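Q: I have a structure I would like to understand better, so I am pasting it below and will then ask my questions one at a time.
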2 protein chains.
Amino acid sequence: MRVEIWTDISCPWCYVGQARFDKALAAFEHRDEVEVVHRSFQLDPRRVKGDAEPIVGHLMKGKGWTRAQALANEENLRQQSAAEGLPYVMGRDHGYTFDMHRLLHFAREEGRQHELLGLLYRANFAEERSVYDDDERLVEIAVRAGLDADATRAVLADPNAYAAHVRADLRAARAVGANGVPFFVLDGKFGVSGAQSTDMFARALDQAWQSRSPVRVVAGAVDAHVCGPDGCPVPH
Amino acid sequence: MRVEIWTDISCPWCYVGQARFDKALAAFEHRDEVEVVHRSFQLDPRRVKGDAEPIVGHLMKGKGWTRAQALANEENLRQQSAAEGLPYVMGRDHGYTFDMHRLLHFAREEGRQHELLGLLYRANFAEERSVYDDDERLVEIAVRAGLDADATRAVLADPNAYAAHVRADLRAARAVGANGVPFFVLDGKFGVSGAQSTDMFARALDQAWQSRSPVRVVAGAVDAHVCGPDGCPVPH
């Protein structure tokens, strides 16, 4: 069974929601038969490379908040993160994430997507050094995730590398009705919006597992070319 | 959409069927949204490491055939392969494949499963040197698929590495009703048994794509913790 999770690196509820989902999955009886795929979402699609800014200033401008209100919002997110055992450093930046999504697709091909996403979240929400507008910072994180430094640099240097993969995910988000993130789709059928509780994720996993359809053979004639216990007959 | 393909390396119809399926997939409009996963099947589960033998002798013993009959069967498979543009060397061996399945699961984690399977088929059916009972032969093939030689050796040296993954696939084969291979399951719902024609695979891909269910949101209350165009509200 497959679980697809639309996320953005700059999304604190994605950081928290991933931890809650991971706990539900770790306790799920059929966890070994669940494959998790991370899909790209842009929370702030107008961002361009080079325009990163502190989150507090971004919230004040974007929402008309006072500094105290913006800091209170961050403090609340810090507490919600701490409740899941996640570190959260006050004073993070906000910026362009498209290149990180390209890297996550590269990492998927290398079998390192889950590792890279976890390290990008951690870097963005819990490490002092910004993840934005600094390719070598991304290379350093990618290497920690098990990726090759030069191959990562090559992906970052070519703006077309994996860009179509990211755009396909953005289209797919609209197709499944995801207007915000995190957004989870279980077995292609059941949607879960937001950083729900671990208990809610556990129930959604159960529901999706129970409702899997049996496989119906649509092609498999008597003269099919198939190898079985009696060998590999060649029809004439 | 996901396509799962149960196979064994020693299965000529899997070799041919993969090529036919690949052609259908290459022409499929939504090919970029199809993920192919290779699953393990043991055609001859009583085989143990070290008991490889020439296929012709195996067919003569197992089926009571004359040498001429066994050779005619191989020649027929060679012709079926050639019709798909696949080379086929007469005189292949038959043997133990469990370790190759373990390697294919390792390769999946490294994003190299499809490459490794293609090279294992090619080595078994179209190269003179046997793939059986020769770990360094498998290392050489794995390196061609982009895997690390020492990591491959470590997997081969530890009989438990990825063995649970292989056994889970064998159980899953029974669950979906696959008694022989190749066996294809499209979108978890539609089964295709045997090396069907490219046209049949194309129709099965269309059918599975058309019948995808829309995503139904089962959890996403008004106070969900979600980041959207208006930011990441923290409910109180």
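The values are calculated or read from the model by the stated rules, or taken from the named source; none is laboratory data. Fair warning: this is a prediction, and the values are worked out from it, not measured in the lab. So basically every Cβ, Gly included, is an ideal-geometry build from the backbone, and we count neighbours across all protein chains shown.
Q: With respect to the numbered conditions (1) acidic (D, E); (2) touching a Lys or Arg at 6+ places or on another chain (Cβ under 9 Å); (3) closer than 22 Å to B:G194 by Cβ, which one is the sole condition not fulfilled by B:D44?
A: (2)
Q: Quick test of your reading of the structure: A:F201 fulfils all but one of (1) among the aromatic types (F, W, Y); (2) within 16 Å of the chain's Cα centre (by Cα); (3) not in a helix (DSSP H, G or I). Name the failing condition by number.
A: (3)
Q: Within segment B:11-38, can you find the residues that are of a type outside the set (A, V, I, L, M, F, W, C) and either modelled with pLDDT of 95 or more or part of a helix (DSSP H, G or I) (or both)?
A: Passing the criteria: B:P12, B:Y15, B:G17, B:Q18, B:R20, B:D22, B:K23, B:E29, B:R31, B:D32, B:E33, B:H38.
Q: Going by what's in this entry, would A:C232 be described as in contact with a strand residue (DSSP E or B) (Cβ under 8 Å, 6 or more places away or on another chain), of a type outside the set (A, V, I, L, M) and within 11 Å of chain B (Cβ to nearest Cβ)?
A: In short, no.
Q: Which residue out of B:A82, B:A107 is without any contact (Cβ under 8 Å) to a residue 60 or more places away in the chain, under 17 Å from B:R137 (Cα atoms) and either surrounded by 21 or more Cβ atoms within 10 Å (Cβ to Cβ) or out of contact with any Asp or Glu (no Cβ under 7 Å at 6 or more places or on another chain) (or both)?
A: The unique qualifying residue is B:A107.
Q: Sticking with this structure for a sec: Go through segment B:131-155 and count every residue that is out of contact with any helix residue (DSSP H, G or I) (no Cβ under 7 Å at 6 or more places or on another chain) and surrounded by fewer than 18 Cβ atoms within 10 Å (Cβ to Cβ).
A: Residues that pass the stated criteria total 9.
Q: Tell me which of these B:M100 doesn't satisfy, since it passes every other one: (1) in contact (Cβ under 8 Å) with a residue 60 or more places away in the chain; (2) within 14 Å of another protein chain (Cβ to nearest Cβ).
A: That leaves (2) as the condition not met.
Q: Could you check segment A:161-174 and list, in sequence order, the residues that are part of a helix (DSSP H, G or I) and either more than 10 Å from chain B (Cβ to nearest Cβ) or out of contact with any His (no Cβ under 6 Å at 6 or more places or on another chain) (or both)?
A: A:A163, A:A164, A:V166, A:R167, A:A168, A:D169, A:L170, A:R171, A:A172, A:A173, A:R174
Q: Continuing with this model, one more query. Output the residue which, of all residues in segment A:175-216 that are among the β-branched types (V, I, T) and at the interface with chain B (Cβ under 9 Å from one of its Cβ atoms), is nearest to A:D8 (Cα to Cα).
A: A:V181
Q: Something else now. So B:E115 ticks every box in (1) farther than 30 Å from B:L71 by Cβ; (2) in contact with a helix residue (DSSP H, G or I) (Cβ under 7 Å, 6 or more places away or on another chain) but one. Which box is left unticked?
A: So the condition that B:E115 fails would be (2).
Q: Count, please, the residues in segment A:137-152 that happen to be farther than 12 Å from A:M100 by Cα, of a type outside the set (V, I, T) and in a helix (DSSP H, G or I).
A: 5
Q: Please list, ordered by residue number, the helices (runs of 4 or more DSSP H) wholly in segment B:50-132 having 3 or more residues that are more than 14 Å from the chain's Cα centre (by Cα) and modelled with pLDDT under 95.
A: Filter on segment B:50-132 gives B:55-63, B:67-83.
Q: Being of a type in the set (K, R) and more than 25 Å from A:V16 (Cβ to Cβ) is the filter here; which residues of segment A:102-150 pass it?
A: none
Q: Can you tell me how many residues within segment A:20-59 are within 12 Å of another protein chain (Cβ to nearest Cβ) and buried (at least 17 other Cβ atoms within 10 Å of the Cβ)?
A: Count: 11.
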